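Step one of this worksheet: look at the structure below.
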Amino acid sequence: MESKEQIDRIYDLIMQLSSGNLGYRADISPKNDEMDAITMGINMLAEELQTTTVSKDYLGRIYKGVVDMLIVIGPDNVIHQVNDSVCKLWGFKEDELVGNPINKIFSRNGEKYFNKINVELDKKGHVYNVERVFRSKKGKLIPVSISCSLLYDSEGNIDGKLFIAKDISKMKKTTEQLKRKNEELNTFIYRVSHDIKGPLASIIGLLNLAKDESEDLSSLKDYFRLIETSASRLDKVIGDFLEIGKLTQSQIRSSAVDLKEFIQEILDSLKYAENFKSIKLKINLPQHHVFRTKRILLKAVMQNLIENAIKYSRKDNDRPQVEITIKESEGKLIISVTDNGIGIPKNMQEHVFKMFYKGEHANSGSGLGLYIVKMSLESLKGTIRVQSEPNIGSVFTVEIPARKA
């Protein structure tokens, strides 16, 4: 190979590498002279350059693709680099953050919060799992858990800081839900013992009185009637607690429900309830009345709504009535239970679905009926709303997803 040809090859190699073609290599001639040594040196340099570049690209892809938020700031507390997770969560473009002070992403009093982190960093060189609040571009406050450490240059000088932030919004929400559920459980346990002890104490007291007057048949009948009333109250309370136990089971499957038979089954179970015989019932069902839904949950909803409509009818009304209407619309069942009973005052309507809430009727029921309705609808992914006026009546309207069977 002539020297000119070797020079041309070296020139071609340099041009290929400078254009970004780092995989290009030049051939070595059999002469193994100085020109070949130069060619080999450039080939080796290209090999090293290619390896280094691939590593940088690889690390860059890792940095960009990390799920947690990564932020690099300089010694001046200015943002130098952010990954995609930061931009996605906060709604900023990368160039809207890079070059700005990191305080931009903290909530109000952010500078104070950031200074506290800086103090810890100066002491220890790292900070783990500090909760702070970031502010998105649209002003939304996002709770995060921050860990950070100092970055050093090759000479050991502080070159910046790396922040790793994890969005803990869902965790916070779950914690609040668990806290609320725990409070509800404590209330539930207290009320269970209270509501069971009341009727039991009455039964025991009445039995003791009956013993003292065992020869007076008239008095005994009165005592037995009162005992029966207390036992019925106890049975209702225990029944409601068992119903809540069923509803908390995670595996409740959908099945075909014939609405006509289903409503009749509920009415049959209520036919011995007080006021039932005096109520005029009207039932409106869709033409197609077989749907797939979670039967046990739907029964809990309908049974309690119909029972309440019957129970709270007005004593002074000559024509007490309850109307049950079910319609189908866009994959949903829209159910309304309408009565002309005692109604619910406006200031009580927002509380009626709370556990153990009895309103003005403290001595009737367990206060769990509408709470059971709410729990069932949450599992059904349904909704309920109430319209009511005292001495005029109430309308409870339910919407639940259901498909034709």
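Summary table
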| item | result |
| --- | --- |
| Hey, Ser379 out of contact with any strand residue (DSSP E or B) (no Cβ under 7 Å at 6 or more places or on another chain) and hydroxyl-bearing (Ser, Thr, Tyr) or not | yes |
| Test: residue in the range 343-355 that is part of a loop (DSSP other than H, G, I, E, B), modelled with pLDDT under 95, within 17 Å of Ala309 (Cβ to Cβ) and polar (S, T, N, Q) | yes |
| Selection within the range 269-293 - surrounded by fewer than 19 Cβ atoms within 10 Å (Cβ to Cβ) and in contact (Cβ under 8 Å) with a residue 60 or more places away in the chain | His288, Val290, Arg292 |
| Boolean, Asn391 is of a type outside the set (Ser, Thr, Tyr), modelled with pLDDT of 90 or more, farther than 16 Å from Leu305 by Cβ and open to solvent by 60 Å² or more (accessible area, probe 1.4 Å) | yes |
| Matching residues, the range 164-178, being aliphatic (A, V, I, L, M) and not in a strand (DSSP E or B) | Ile168, Met171, Leu178 |
| Wholly enclosed helices (runs of 4 or more DSSP H) of the range 28-97 bearing at least 2 residues at pLDDT below 85 and open to solvent by 50 Å² or more (accessible area, probe 1.4 Å) | 34-65, 84-90 |
| Selection within the range 209-234 - modelled with pLDDT under 75, open to solvent by 70 Å² or more (accessible area, probe 1.4 Å) and part of a helix (DSSP H, G or I) | Leu209, Lys211, Asp212, Leu217, Ser218, Thr229, Arg233 |
| Members of the range 385-402 found to be under 27 Å from the mean Cα position of the chain (by Cα) and touching a residue at least 24 places away in the same chain (Cβ under 8 Å), listed by number | Val386, Phe396, Thr397, Val398, Glu399, Ile400, Pro401, Ala402 |
| Options Ile324, Ile335; residue that is of a type in the set (Val, Ile, Thr), surrounded by 20 or more Cβ atoms within 10 Å (Cβ to Cβ) and under 19 Å from Ala256 (Cβ atoms) | Ile335 |
| Pair list, Cβ under 6 Å, 6 or more apart: the range 310-337 residue within 20 Å of Leu377 (Cβ to Cβ), other residue part of a strand (DSSP E or B) and of a type in the set (Phe, Trp, Tyr) | Val337/Phe396 |
| Members of the range 110-163 that are open to solvent by 50 Å² or more (accessible area, probe 1.4 Å), assigned to a strand (DSSP E or B) and basic (Lys, Arg) | Arg135 |
| Number of the condition not met by Phe106 [criteria: (1) under 29 Å from the mean Cα position of the chain (by Cα); (2) at pLDDT 80 or above; (3) within 19 Å of Asp68 (Cα to Cα)] | (2) |
| Selection from the range 155-180 of residues that are out of contact with any Phe, Trp or Tyr (no Cβ under 7 Å at 6 or more places or on another chain) and among the β-branched types (Val, Ile, Thr) | Ile164, Ile168, Thr174, Thr175 |
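The values are calculated or read from the model by the stated rules, or taken from the named source; none is laboratory data. Given the structure is predicted, the values throughout are model-derived calculations rather than measurements. Positions of Cβ are generated from backbone atoms using ideal geometry, with glycine treated the same way; all protein chains shown enter the neighbour counts. These area figures cover heavy atoms from the full protein model, side chains too; ligands, DNA and RNA do not enter into them. Shrake-Rupley method; radii C 1.70, N 1.55, O 1.52, S 1.80 Å.
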